[in-house]
1. What FRET efficiency do you get for residue 15 and residue 43 if R0 is 41 Å and r is their Cβ-Cβ distance, rounded to the nearest 0.05?
2. Along the Cα-to-Cβ line of residue 33, 7 Å from the Cα, sits a label point; which residues in the range 79-100 have backbone N less than 12 Å from it?
3. If you rank 46, 117 by how much accessible surface each has, with a 1.4 Å probe, what is the order from largest down?
4. So, in nm, how far is label residue 69 from label residue 118 when the simple model puts each one 7 Å beyond its Cα toward the Cβ?
5. With a 1.4 Å probe and all protein chains left in place, how much of the accessible area of the range 1-93 comes from carbon and sulfur atoms, in whole percent?
6. Tell me what the chain gives for mean residue ellipticity at 222 nm when only DSSP H runs of n ≥ 4 count, each as -39,500 (n - 2.57), the sum divided by the residue total, rounded to 500 deg cm²/dmol.
7. How would you rank 107-114, 34-41, highest first, on the average number of other Cβ atoms within 10 Å across their residues?
8. Keeping all protein chains in place and using 1.4 angstrom, which order do 47, 28 fall into by accessible surface area, from largest down?
Amino acid sequence: MTTAHVHRASAEMQECIDACLACHATCIRTIGYCLAQGGRHAAPDHIRLMADCVEMCQTCAHFLLRGSELHHQTCGLCAEVCRRCAESCEQLGNDPAMQACVAACRRCVATCERMAHAA
């Protein structure tokens, strides 16, 4: 492996860590927002999915930070959970809080998919 490849991989890994941590924080804030909104926003399935996203993003970031050999699998699962969370949030409207969550989840999906398929 060349030095340039190592630096690129490190930059990609850091981008994924940053996306996971940003999604984690955004989803925590958005859960509070959804509970305050009530109704469909506070539906148990939606809140549970958002909580899954919070936990999975944190776990994925930790696997990456530790350099775990299992990070590819963790990133794959994180991408799936974030994809589902984005879809659920998207169904709840076009307000800024929900759109911020959708954007954070989609950014995490993109970076996690790249890490999951990296050799």
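The values are calculated or read from the model by the stated rules, or taken from the named source; none is laboratory data. The structure presented is a predicted model; accordingly, all values stated were derived computationally and were not measured. When we count neighbours, we look across all protein chains shown, and the Cβ atoms used for this are built from the backbone with ideal geometry, even at glycine. Side chains are part of the model used for accessible areas, which takes the heavy atoms of the whole protein and leaves out ligands, DNA and RNA. Shrake-Rupley method; radii C 1.70, N 1.55, O 1.52, S 1.80 Å.
1. Using R0 = 41 Å, I get an efficiency of 0.80.
2. From the range 79-100, the list is 89-90, 92-100.
3. Result of the area sort, largest leading: 117, 46.
4. About 1.7 nm separates the two model spin labels.
5. Values: 2880 of 5100 Å².
Roughly 56 percent, rounded to a whole number.
6. Counting only the DSSP helices, I get -30000 deg cm²/dmol.
7. Those peptides, ordered most packed to least, come out 107-114, 34-41.
8. Result of the area sort, largest leading: 28, 47.
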